[in-house]
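**Q** Let me begin by handing over the structure; questions about it come next.
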């Protein structure tokens, strides 16, 4: 079976076209796809160049390429649609029904989804990201007042990337606090998070997976030993349980899924929409 | 004009449904939409509950809601499609043509796009994110060997969030180095980046916008003064020009756009696809 080429064509970054195409392609297991993004196709010239690339690739491959497109302007869409590829355009499919429903014409303005950002959105996102970076790994615990959520869990359970993702994707202010061995001495929560129980959310992970992750970082260390990982995970889960802190097992979850589940379960308000 | 409610319904996180819906809605200016995400609709029960919510909202609003859906399984899709909302499903629209083209049935497996991640993807992303955090703000310049790209620019020109975004979205290893006043003394690039010219990419920004951003951070400081901002931006741009370093003006750009343009212009290979 020869390999198909898939093009993501966009007048902007291509993020939406890639997201849409990727969701669809993962439904076809066992198929191999070569993926090419053609971003910033914002003029007729560029669109014609894209068509030449698509057609040439089709000739080389011996299969017609699949083209996922998010071209907002109809004149650009028309050009790329005339290529030899299978043309699947997102606006083509949905703008018509939406226009009918809302009883207005769409504005055909490019660059709204991931283009020129309005400054409030930009600032919110940067502010949330800076907060996540500043309040990472137990730093600036005094700033927990400003946090929407505080993730707690053992080292390498996924706290940092989840906080950053929540900041960038949703503008959520997320801090995190890593348990250390001292935190497992008593039955109390660590002093720095104790007063913030309603904001706490626990991340847990299978000891085996934790061991793998830690071992990549510090091979052969006590920190990466299975007994240490088991002890820490069990102790952390006991704390979650004892104090009624909701928690999620991150072992099989992507960052998107962890973030989304936390927001869903805590009922956190999103300051941004993708 | 009354406000429409828009639902994003997904068997997973809802990220794809939100991305798709948002791209479309921004084409309708002047309309106000209330946005509700219903993630993890992965059973018939949950789907029926979603339908009840959609229908109740339609009754309250006096307008039928708009439903953007990314339900992979046909039985779930059928349930939600029967709501009173305008149903726009992404898989409904595109799976058919793709199945025809590839001559196979789709696997109807949920959770492929942002669900259970394969561990290589997960590790790549975490590794790239850790790299971005470790190599942020001129730290660990010794590690520039591992970098795919090194962003340079004045403080607050957008380097940090762009690096983190490139790591999380594309698995790209991005470091950044902030210019300080000392770097503007001579005509040379700062010593720590000098040997890495092919990896350098400049970020610039309008002095006025820079002043606003800095002023939010340190109001009334010399750092935030317009003369200082003008001096730094001019000096940075001179350095880019003198050493042939490609650069982008971030003043009107979203993080996605900055990242995407850098990857496009430097021809950086993406290790991940969204």
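Just so it is clear, none of the values below were taken in a lab; they were calculated from the coordinates. This one's a predicted model, so the numbers in the text were calculated from it and none came from an experiment. Counting neighbours? That spans all protein chains shown, and the Cβs are built from the backbone with ideal geometry, glycine included.
**Q** Let me have the 222 nm mean residue ellipticity of chain A computed from DSSP H runs of 4+ only, each contributing -39500 (n - 2.57), with the sum over all residues rounded to the nearest 500.
**A** On the way: 10 runs with 122 residues, N = 274.
Calculated mean residue ellipticity at 222 nm is -14000 deg cm²/dmol.
**Q** Taking 7 Å along the Cα-to-C-beta vector as the label spot, tell me the residue B:235-residue B:208 distance in nanometres, rounded to one decimal.
**A** Between residue B:235 and residue B:208, the label points sit 2.4 nm apart.
**Q** Using 20 Å bins from zero, what percent of all Cα-Cα pairs in the protein assembly as shown falls into each bin?
**A** 20, 53, 26, 1
**Q** Using a 10 Å cut-off around each Cβ, can you sort B:203, A:189 from fewest to most neighbouring Cβ atoms? If you can, show how the numbers build up before the last one.
**A** On the way: B:203 24, A:189 21.
Fewest to most other Cβ atoms nearby, the residues stand as A:189, B:203.
**Q** Kindly state, to the nearest 0.05, the FRET efficiency for residue B:3 paired with residue B:52, given R0 = 22 Å and r defined as their beta-carbon distance. Kindly include the intermediate steps, with their values, before the conclusion.
**A** Details: r = 20 Å, r/R0 = 0.93.
The formula returns an efficiency of 0.60 here.
**Q** To continue, here is another question. If every alpha-carbon in the stretch A:46-197 counts as one equal scatterer, what log10 I(q)/I(0) does Debye give at q = 0.16, 0.17, 0.19 1/Å?
**A** Computed log10 I(q)/I(0) values: -0.88, -0.93, -1.04.
**Q** Along each of its three principal axes, how wide is the spread of alpha-carbon positions in the stretch A:220-274, in whole angstrom units, largest first?
**A** 42, 28, 16
**Q** For chain B, find the longest principal axis of its Cα atoms and tell me its angle to the long axis of helix B:226-242, 0 to 90°, nearest 10.
**A** Approximately 90 degrees, to the nearest ten.
**Q** Something else now. Which of B:15, B:6 comes first, and how do the rest follow, when ranked by fewest Cβ neighbours within 10 Å?
**A** Starting with the residue having the fewest Cβ neighbours, the order is B:6, B:15.
**Q** On to the next question. In nm, give the distance between the simple-model label positions of residue B:180 and residue B:123, each being 7 Å from the Cα along the Cα-to-Cβ direction.
**A** Reported label-point gap for residue B:180 and residue B:123 is 3.7 nm.
**Q** Next question, about the same structure. What distance in nm separates the simple spin-label points at residue A:146 and residue A:188, each placed 7 Å from Cα in the Cβ direction?
**A** 2.8 nm
**Q** Taking only the Cα atoms of chain B, how large is their convex hull per residue, in Å³? Mind dumping the intermediate values first?
**A** On the way: hull volume 46.9 nm³, N = 274.
Value for chain B: 171 Å³ per residue.
**Q** Grab every C-alpha pair in the stretch A:134-183, bin the distances at 5 angstrom width from 0 up to the longest one, and report whole percents.
**A** Calculated P(r), rounded to whole percents: 5, 24, 33, 24, 11, 2, 1.
**Q** Sticking with this one: What span do the alpha-carbon atoms of the stretch B:119-266 cover on each of the three principal axes, reported in whole Å from largest to smallest?
**A** That works out to 49, 31, 25 Å along the principal axes.
**Q** Quick one: A:177, B:144, fewest Cβ neighbours within 10 Å first, how do they rank? Don't jump to the answer; show the numbers that get you there.
**A** Working: A:177 24, B:144 18.
The most exposed by this proxy come first: B:144, A:177.
**Q** Kirkwood Rh over Cα pairs of the stretch A:1-61 into Stokes-Einstein at 25 °C, 0.890 mPa s: D in µm²/s? Please report the intermediate quantities before stating the final value.
**A** On the way: Rh = 12.4 Å.
For the chosen part, D equals 199 µm²/s.
**Q** Given N residues in the stretch A:121-206, what is its alpha carbon radius of gyration divided by 2.2 N^0.38 Å? Don't skip to the end; give the middle numbers.
**A** On the way: Rg = 12.6 Å, N = 86, 2.2 N^0.38 = 12.0 Å.
This ratio for the stretch A:121-206 stands at 1.05.
**Q** To continue, here is another question. With axes computed from alpha carbons, what is the tilt in degrees of helix B:207-217 against the longest principal axis of chain B, rounded to the nearest 10 within 0 to 90?
**A** 80 degrees
**Q** To the nearest 10 degrees, how steep is helix A:44-61 against the longest Cα principal axis of chain A, on a 0 to 90 scale?
**A** 80 degrees
**Q** Let me ask something additional. Round to a whole angstrom and tell me the spacing of the C-alpha centers of the stretch A:72-110 and the stretch A:161-199.
**A** Taking the Cα centre of the stretch A:161-199 as reference, the centre of the stretch A:72-110 is 45 Å away.
**Q** Let me know the Rg and Dmax you get for the stretch A:4-102 when you use only its Cα atoms, in Å.
**A** When restricted to Cα atoms, the stretch A:4-102 yields Rg and Dmax of 13.2, 44 Å.
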